[in-house]
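Quick notes on the structure that follows.
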Amino acid sequence: MTTTWIADGLGRLRADIASANTSGNVEGLLARYIVGDDPRLGIAWGIDCEELWLRRTYDPSSLPTVAALGYTEAFRSDAGLLGALDEGMQRAVARDPLLAGPGAALHDPSVLLGLALVAKRFLGTKNEYAHWLGKVLGSVRRDAAVRTDPLLAHAAQLCSAKITLPVLDLEAPLSDCAAFDWWLDQGAPVGLVTADQRIALRASIVERALTEDVGRRSAHQAALLWRVLRAAVSEETAAVLRTLATVSQVLSQFESCLRRWRWDSSELRTPVRWPIRSEREVQDILWLILRGMFHDLEDEDTLPKFGHSTYRADLGVPSLGLLIEVKFARAAADFKAIEKEVLEDVEPYRRSPERYREILVFIYDDSCSVQEHETTRRALRSVPGIADVLIVSRPSHLPTAADRRE
């Protein structure tokens, strides 16, 4: 049922966005600015201000048409439109923002953001446009309620103006929460909210969207909601795919990935060579492989200690309750010692499963003693708590330990 609702809700939001998909429509232009060129929306945009619109509709004394042209110029960077925009902004700055009532164009977020794009375009040559818009934004902010519209905060950032920043408020109207989520991805100050607060924000938006009517909204409000709901669906899908099986599958490709590991011939003037000489270097490679998939990946410097022990695991993925123990075999005889080391290493974490419940053992065999692999793999897989054991060999184009010493 939830899946049906999501599809239906996204469809209604898409219809609201498409209703403003007409040439020069500032609501439609702002909606596109919010969602970008996301192909999942499935709308063939026809909102830009073309030559015919410029001749028949553009009015430099009309702020909405100046804003519409600003969106178009920002989207395709057309220097031929600068003259018309300059004329429109010259007339705009002659207006006193304090005289604009709540229903005026200067109080319309879609108009203000379009004008901010124009002011940004002229920064460095005609800074008076940004200065005037800063006063407009300050006036609108003072006339508004306590809450600052994230769209206005973004407009202020575009033209280097300063206004009171929005704050996270899960009780704000649904569209405001969606706008705040969008603003966080558009240059909001780093550290304004924590990762947990961002998750709570999106969870609140999805939960409220299940009970509120998401349809019949302005195009830009529909775009804000469509974007955050689509992102929430994508994140949930990605979470389903992030499993222990995924980690095992990715790391099982370690050997084939090392096909591109550099060890150039000495015949080259400046050969590039990446030696793998110790366990620490293997840990670094695994970090590079897994970090893009698991943002909560922890290394031995951040993993918690166990009691008074100084023992630290190599890598951890808290969201999966998974520890990754890395070992380095220099000779065939090392495999027997590695089996004992793993048993000693994993025992503390087996007694404390609150944070980590399973362990994956990854062994890099520098000696290529493949005859030992299955014995060690079978022995360690029989240990409770060890979910998988992966053993990979040094690729042939990397030198042996003896050759490296030479």
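Among the residues of the range 131-150 satisfying the criterion of being buried (at least 24 other Cβ atoms within 10 Å of the Cβ) and of a type in the set (A, V, I, L, M), which is modelled with the highest pLDDT?
My answer is Leu133.
Of all the listed residues (Arg121, Arg216), the sole one being more than 30 Å from Ser77 (Cα to Cα) and in the same structural domain as Thr65 (by TED's automatic domain parsing) is Arg216. Suppose we keep only residues that are surrounded by 14 or more Cβ atoms within 10 Å (Cβ to Cβ) and among the acidic types (Asp, Glu) within the range 285-304. Which one would you say is modelled with the lowest pLDDT? The selected residue is Glu300.
Check the range 349-361 and report whether any residue there is of a type outside the set (Asp, Glu), touching a residue at least 12 places away in the same chain (Cβ under 8 Å), assigned to a loop (DSSP other than H, G, I, E, B) and crowded, with 18+ Cβ neighbours inside 10 Å. Within the range 349-361, one or more residues are of a type outside the set (Asp, Glu), touching a residue at least 12 places away in the same chain (Cβ under 8 Å), assigned to a loop (DSSP other than H, G, I, E, B) and crowded, with 18+ Cβ neighbours inside 10 Å. In a residue-by-residue description of the range 323-333, the property of being in a helix (DSSP H, G or I), at pLDDT 90 or above and farther than 22 Å from Ile289 by Cβ applies to no position. Looking only at residues in the range 272-293 that are part of a helix (DSSP H, G or I) and in contact (Cβ under 8 Å) with a residue 40 or more places away in the chain, the one that is nearest to Ser319 (Cα to Cα) is Leu290.
Out of the residues in the range 1-60 meeting the condition of being over 24 Å from the mean Cα position of the chain (by Cα) and among the aromatic types (Phe, Trp, Tyr), tell me which one is modelled with the lowest pLDDT. In this case the residue turns out to be Trp5. The criterion of at least 3 residues that are surrounded by 15 or more Cβ atoms within 10 Å (Cβ to Cβ) and polar (S, T, N, Q) is met by none of the helices (runs of 4 or more DSSP H) wholly inside the range 18-103.
Residues checked against (1) more than 18 Å from Ala231 (Cβ to Cβ); (2) assigned to a loop (DSSP other than H, G, I, E, B):
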| residue | (1), (2) |
| --- | --- |
| Leu165 | yes, yes |
| Ala172 | yes, yes |
| Ala179 | no, no |
| Trp182 | no, no |
| Gln186 | no, yes |
| Val190 | yes, yes |
| Val193 | no, yes |
| Asp196 | no, no |
| Ile205 | no, no |
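The values are calculated or read from the model by the stated rules, or taken from the named source; none is laboratory data. Since the structure is predicted, the reported quantities are computational estimates derived from the model, not experimental observations. Using ideal geometry, Cβ is built from the backbone for each residue, glycine included, and neighbour counts are taken over all protein chains shown.
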